[in-house]
Structures are given as C-alpha cells and as structure tokens.
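Have a look at the structure below before the remarks.
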Amino acid sequence: MTAPTERADAARNRLRILDAARRLLAADGFAGLSLDEVAKEAGVGVGTVYRRFHNRAGLVYALIEDNETAFQEAFALRCADGSAPSPPDRLRAFLHGMVELVHDNRELLLLAEASAPAGRYRSAPFRRHHEQVVGMITELAPGVDAAYLADLLLMAYTPGLFDHQRTERGWDADRVKRGLDVVVAGIGAVGAGDTGQPR
C-alpha cells in the first residue's frame, strides 16, 4: 500500500514554514525560536504550524531532516562512484560524514535535544542512521551485536557531548574522526577473527 500523497497546499505550507524558521534563525538565533513567531513570519495560522510539527522540537527536526537528505545523497554518490569502497572504508566515510553533519547542525541539534531530550532516538534521521550503521557493521563483522555497536558509535553524535568536546575540550573534527577510526578498526579486527585476547 502506497503512502498518501501530500496535498499541494499542505506541501506549500510546509515549505513556507521551514523557510520562515530558517529566516528567523538567521536573524535572531536559536533561543527565541517559537512556533508562534514562525507562523507569523510564514503568514499561516499558528494552528497550521502546530498541526504539522506539534512542537518546537518537531519543527527543528524537520529542518534537520532537510539537511540529512543532502548528507544521504552525498554519501550515496560517494559509494556509487565506481570505486567500490571496502566495508571498513564505507563505514569510516559514513561516520566521518556524520561528524560534519552534526557539526553543521550543532545548534539545531542542541535546541532539539533541549526541547525533547529523548526525541533524537525516535527521529527519522536517527532511525535511518542506526539501520545504515547496523548494515555496514554486519558486513564488516558478521556475528557481532551490530545493533548495540551501532548505538555505541552513534552515541558519539549526541548533541550535548559533541558540543562539550568541541567547545569545552577544544577538540577538532579530525580528533573525533580519528577516535571513530580506532573503533571501526577494532570491529574489523573482530570480523577478521582477531579478538585481541591472548591465545
């Protein structure tokens, strides 16, 4: 059964609301973002905004979802460029791209986390990322608990932790990527039969 097609007026309203939210964020920053102000800026009724996004976190996640789409398209192109990257290279490329994605959306993600602390785990981007990482880990190391390891890797992108590492500890993106590379290498070693335990 196919999903119902979004009505043209509803699709237009969604774009108007998201564009209005971006304008307000650019002008006033994240702290003052409210659905009432977004409705006024978009020229739609506030009920339209609430019905569509429910709360500020829902609106923020919709903005993040648009950026997520661009990330997924870029990753798909990278994996389809004819070079056929190996499983560890593909996983590393995905995780490195996620570092950039989270960095570019850091304030949006922090706002979403503050509005709905557990909302990230129910969001479409997180579910998609988890499914993708599970698939890549399973290919890299069949037989491991891929779902748990995917959770472990994706914890690196928890907005509060990521922001703390960048702003309080002064870590740059390359340091985060190098740390993730070590984890990927460890998973690959297990997949190759090296448990790291003395025989």
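Show me, for region 120-129, the HN-Hα J-couplings you get by feeding each phi into the Karplus relation (A = 6.51, B = -1.76, C = 1.60, θ = phi - 60°), rounded to Hz, glycine and proline as x.
With coefficients 6.51, -1.76 and 1.60, one gets 4, 6, 9, 6, 4, x, 5, 4, 5, 4 Hz.
For the charge dipole of region 57-191, defined by +1 on Lys and Arg C-beta atoms and -1 on Asp and Glu C-beta atoms about the Cα centroid, which residue among A70, V176, V144 has the Cα displaced farthest towards the positive pole?
About the Cα centre, the residue reaching furthest to the positive side is V144.
Place a +1 charge on the Cβ of each Lys and Arg in the chain and a -1 charge on the Cβ of each Asp and Glu, then give the dipole magnitude about the Cα centre in debye, rounded to the nearest 20.
So the magnitude is around 320 debye.
Which ordering of S115, S86, S123 is given by a fewest-first count of other beta-carbon atoms within 10 Å?
So the ranking, lowest neighbour count to highest, is S86, S115, S123.
Quick one: length gained pulling E107 to T158 fully straight, 0.36 nm per residue minus the C-alpha distance?
Here the segment from E107 to T158 would lengthen by 17.1 nm.
Could you tell me the relative contact order of the chain? Use alpha-carbon pairs under 8 Å, at least six residues apart, and round to a whole percent.
19 percent
Among L35, A21, A10, which residue has its Cα positioned farthest towards the positive end of the charge dipole of region 7-53, with +1 placed on the Cβ of Lys and Arg, -1 on the Cβ of Asp and Glu, and the dipole taken about the Cα centre?
The residue sitting most towards the positive pole is A10.
If a paramagnetic tag sat 7 Å from the Cα of A185 along the Cα-Cβ line, which residues of region 122-152 would have the backbone N under 19 Å from that point?
137, 140-141
For the chain, the longest stretch holding no GluC sites (Glu not before Pro) located in a DSSP loop with at most 15 other Cβ atoms within 10 Å is which?
The reported range is 7-167.
For each of Y50, Y148, Y61, count neighbouring Cβ atoms within 10 Å of the residue's Cβ, then give the residues from fewest to most.
Result, fewest neighbours first: Y148, Y50, Y61.
Computed from the coordinates I sent, volume of the Cα convex hull per residue in Å³ equals one of [x] 124; [y] 159; [z] 265. Tell me the label.
Read-out taken from this structure: [y].
Can you list the HN-Hα couplings for region 88-100, worked out from phi with the Karplus curve (6.51, -1.76, 1.60; θ = phi - 60°), rounded to whole Hz and with x for Gly and Pro?
Per residue, the Karplus-derived 3J(HN,Hα) values read x, 5, 5, 5, 4, 4, 5, 5, 5, x, 5, 4, 5 Hz.
Extending each Cα 7 Å along its Cβ direction at Y148 and A70, get the distance between those two points in nm, one decimal.
In this crude spin-label approximation the distance works out to 3.8 nm.
Convert each backbone phi in region 176-182 into a coupling constant with the Karplus relation 6.51 cos²θ - 1.76 cosθ + 1.60 (shift: θ = phi - 60°), then list the ³J(HN,Hα) values in order as whole Hz, x for Gly and Pro.
Here the 3J(HN,Hα) series is 4, 4, 5, x, 5, 4, 5 Hz.
Bear in mind that the values in this text are calculations on the coordinates, not laboratory data. Quantities reported herein were computed from a predicted structural model and do not represent experimental measurements. Cβ: placed from backbone, ideal geometry, glycine included. Neighbour counts: every protein chain shown.
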